[in-house]
Amino acid sequence: MTLARAREVFGPLGGVVEIGAVNATGAWDLADVSVGGFLSRKRDEMSHLMVGIRSVCRFGDAEMAMADEVGWFRDYEVSAAHLLLWSGGLTGVPEPLGKLDEPAQVRRMCRMGADIQLTDLLQALINAAVAAGTGPHQGAPRIADILDIASDLADPTGRSAPALVFRMWRVAHLPPVLRADSDAPLSGRAGFRAYDEALEELLPTPVQSAGRTQPPSARTTGSPEYQSGRNESSAP
């Protein structure tokens, strides 16, 4: 079961990385995309993010190895078909098919894909944390930090800011967990409610975040447990 949860985390994270690599070109020309180059430039961020995932999801070596097995965290050729999948096929398949590679279409798929994959990543993180017994006092600051890094990887312009991702998650994923006919156990529902409340406090709204110079993690996550974990993950 924990391996399945690891796939649920690393799948959308792979989409975030690919979309970030495409956005990093600034021209949305797939011929210019280098996932390997992007990962090399973002090595420190990825390392910190992986440490956070291991901690909050309580993944062991076997679960963390899934990051290599899914194949998204190494160099490979990015295709428009990948982006169509990451974006949920919302743009449709144009006629002729070659239009899918046009920069305007690629940019649109990246925007949609970032929203979907970041929201799915947040759901996977909370689900894994609740299942692992990581309480929100410890887990919510870590998840906020992971989401902050992932959002910046996907789109450093702030278009997919953590607070916006959180609000999309609350609409798309939380109601099915909490509704009366949900198959989630009562303990699981309570865990999701607790994370919802904790993350609402940690992630500023767009109005509150106007003009801020620090990420949510640096501004709002001051618990001793969190600071200790962040210092450890930042050590060389």
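Hey, can you find the accessible area per residue of the chain for me, probe 1.4 Å, expressed in square angstrom? Please list the in-between numbers first.
Details: 11360 Å² over 236 residues.
It amounts to 48 Å² per residue over the chain.
Ligands, DNA and RNA excluded, the heavy atoms of Asp101 present near 80 Å² of accessible surface to a 1.4 Å solvent probe. For the chain, the longest principal axis of the Cα atoms and the long axis of helix 224-234 meet at an angle of about 40 degrees. Our note on the geometry: Cα centres of the stretch 153-184 and the stretch 53-89, 19 Å apart. Classify the chain: rounded, prolate or oblate, from the alpha-carbon gyration tensor (a ≥ b ≥ c, eigenvalue square roots; a/c under 1.5 rounded; otherwise prolate if a/b is larger than b/c)? Because a/c hits 1.5 or more and a/b exceeds b/c, the chain counts as prolate. Against the chain, whose longest principal axis is taken from its Cα atoms, helix 186-202 shows a tilt of about 70°. Rank Pro204, Pro103, Pro185 by mean-square fluctuation in a GNM of the chain with C-alpha springs under 10 angstrom and give only the top-ranked residue. Judging by the Gaussian network model, the answer is Pro185.
In this view, the solvent-accessible surface of Asp115, computed with a 1.4 Å probe and all protein chains in place, comes to about 40 Å².
Considering only Pro204, Val106, Trp86, the residue lying farthest towards the positive end of the dipole of the chain is Pro204, judged by Cα position with unit charges set on Cβ.
Assuming charge only on the beta carbon of Lys and Arg (+1) and of Asp and Glu (-1), the dipole of the chain about its Cα centre is about 500 debye to the nearest 20. Calculated mean residue ellipticity, 222 nm, the chain: -21000 deg cm²/dmol, from DSSP H runs (n ≥ 4) at -39500 (n - 2.57) each, averaged per residue and rounded to 500.
The heavy atoms of Arg43 present about 140 square angstrom of accessible area, all protein chains included, probe 1.4 Å. The modelled label-to-label distance for the pair Leu3/His137, using points 7 Å beyond Cα in the direction of Cβ, is 3.5 nm. For the pair Arg167 and Val93, label points projected 7 Å from Cα toward Cβ lie 3.5 nm apart. Against the chain, whose longest principal axis comes from its Cα atoms, helix 2-24 is set at around 50 degrees.
The calculated FRET efficiency for the pair Tyr76 and Leu186, based on their C-beta separation and a Förster distance of 45 Å, comes to about 0.55. Looking at the square roots a ≥ b ≥ c of the eigenvalues of the Cα gyration tensor of the stretch 5-46, which shape do they give, rounded for a/c under 1.5, prolate if a/b is larger than b/c, or oblate? The shape class here is oblate.
The values are calculated or read from the model by the stated rules, or taken from the named source; none is laboratory data. Computed from a predicted model, the values in this text were never measured in an experiment. Glycine also receives a Cβ, built like all others from the backbone with ideal geometry; neighbour counts cover every protein chain displayed. Keep in mind that these areas ignore ligands, DNA and RNA; they rest on the heavy atoms of the full protein, side chains included. Shrake-Rupley method; radii C 1.70, N 1.55, O 1.52, S 1.80 Å.
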